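Structure first, then comments.
The values are calculated or read from the model by the stated rules, or taken from the named source; none is laboratory data. Computed from a prediction, not measured in an experiment: that's the story for all the values here. No Cβ is skipped: glycine too gets one built from the backbone with ideal geometry, and neighbour counts run over all protein chains shown.
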Amino acid sequence: MIKSAFSAFAERTSMAKWAGSDFAPRSPAQFKTEILAGLTVALALVPEAVAFAFVAGVTPLSGLYAAFIVCLITALFGGRPGMISGATGALAVVAVGLVHDPRVGDMGPQYLFAAVVLMGLIQLVAGVFRLGKFIRLVPTPVMLGFVNGLAVVIFLAQLGQFQVPGSADPSGHGFANGEWLQGTQLYLMLALTALTMLIIWRLPKLTKVVPAPLAGIGVVAAIVIGFGLDVPNVGDMASVKGGLPQFAVPMVPFNLETLRIIFPYAFIMASVGLIESLLTLNLVGEITGRKGGASQECLAQGGANVVTGFFGGMGGCAMIGQSMINVKSGGRTRVSGITAALLLIVFILVGSGLIEMIPLAALAGVMFMVVIGTFAWQSLRIMRRIPKMDAFVIILVTVATVAYDLATA
């Protein structure tokens, strides 16, 4: 079984496969679309990675390094070209428990990095034994509830952009214990968000030369910078300037007690990460018309987390919001994900000044359009025509996703 799993993985990631449509765009026009889609995703990854690092109780660079490494490795070897992975909130809320565990003292981040390595090893085992195939057993009502709940979670998470930077509770959905913007600043935020959404909605009907989300971010950023408007930007969250991630073995005791501390967290993170990744794989597959790849995705996620743990990253998994941005921007091959990862590290090294000037209103507008495109509106229309139990499951999973987390749901 192990041999056959590795054989399948090798076959699917062979150079012959990469030379086909999975890796290489079919035309110069598609190649340009893939590059621009990757740029759009990279811009959206920055504030998400920083925010989730705060949730996990680690430095912003730990979130950014995780986003770079996990995005790059899964883009190269993952089971679904076009899918984007990085630091996520679902993993962050588990990680913060380990970082602040009284047994680890002030060495919490180091224990987290060790747990991320172990998390990756668990995911590799899941890939070797092809456990990812069981995601096909998830029934349609559960998938619809998952998608709807996910859309609501993404929407609520953006509400934090309309609060005074640093005042929102990072562990909430963006509206807990925060101080709302007031007066002109709030009105500007709302207007700029609406403008971004309008551009994303109307531009594809006029031209497809530039991905609409990228155009929305660019236009709104130009307006804010050109007129010197006082609205929150990426730099208000934290500085994204840094160097290349450095290899380092986590500084924890190599004994049974350490394993007892980190294993429960590693197992939960591995499970949550794979569930989110495989559900996202199915969702992206529905849009792009691709099937399969679950075992390969498990292996790619596992390998990515092993590497990121040794480079000071907080771990990661598939990101539904960024995956939707990529797909809706035309990203269909591995090029878009690779581009997003490489541009992210460029931002960290040399482009932090420009990235920190991007208004949060533009990024919120992009994510609100993702919400509109992600929510399964047809599920509302069919509620009265489907069995009551199916309707109940859709509602239950939707509510559970919002109230708890995606894996629990």
Any residue in segment 74-81 that is surrounded by 24 or more Cβ atoms within 10 Å (Cβ to Cβ) and touching a strand residue (DSSP E or B) at 6+ places or on another chain (Cβ under 6 Å)?
yes
Of the residues in segment 326-359, those that are under 14 Å from M197 (Cβ atoms) and at pLDDT 90 or above come to P359
Going by the conditions given, is E11 modelled with pLDDT under 90, of a type in the set (D, E) and in a helix (DSSP H, G or I)?
yes
Identify the residue in segment 107-139 that is more than 23 Å from L61 (Cα to Cα) and out of contact with any helix residue (DSSP H, G or I) (no Cβ under 8 Å at 6 or more places or on another chain) and, among all such residues, is surrounded by the fewest Cβ atoms within 10 Å (Cβ to Cβ).
L137
Across segment 87-98, which residue is modelled with the highest pLDDT among those that are out of contact with any strand residue (DSSP E or B) (no Cβ under 8 Å at 6 or more places or on another chain) and outside any loop (DSSP other than H, G, I, E, B)?
L98
Determine which member of the set I325, I287, I320 is surrounded by fewer than 24 Cβ atoms within 10 Å (Cβ to Cβ) and β-branched (V, I, T).
I287
Looking only at residues that are of a type in the set (G, A, S) and modelled with pLDDT of 90 or more in segment 230-270, which one is nearest to the chain's Cα centre (by Cα)?
A270
Positions within segment 175-210 being in a loop (DSSP other than H, G, I, E, B) and within 25 Å of L156 (Cβ to Cβ), in sequence order
F175, A176, N177, G178, E179, L181, Q182
Could you check segment 51-86 and list, in sequence order, the residues that are β-branched (V, I, T), more than 11 Å from the chain's Cα centre (by Cα) and assigned to a helix (DSSP H, G or I)?
V55, I69, I73, T74
Hey, does segment 373-386 have a residue that's more than 16 Å from the chain's Cα centre (by Cα), touching a residue at least 24 places away in the same chain (Cβ under 8 Å), in a helix (DSSP H, G or I) and surrounded by fewer than 18 Cβ atoms within 10 Å (Cβ to Cβ)?
yes
Could you check, for segment 239-261, whether at least one of its residues is of a type in the set (V, I, T), part of a helix (DSSP H, G or I) and either out of contact with any Asp or Glu (no Cβ under 6 Å at 6 or more places or on another chain) or free of Cβ contacts under 8 Å to residues at least 12 places away in the same chain (or both)?
yes
Pairs only if they're at least six apart or on different chains, beta carbon under 7 angstrom, first in segment 100-128 and touching a residue at least 40 places away in the same chain (Cβ under 8 Å) and closer than 17 Å to E257 by Cα, second charged (D, E, K, R) and not in a helix (DSSP H, G or I); list them, first residue then second.
G108/D101
Being among the aliphatic types (A, V, I, L, M) and more than 19 Å from G351 (Cα to Cα) is the requirement here; does L244 meet it?
no
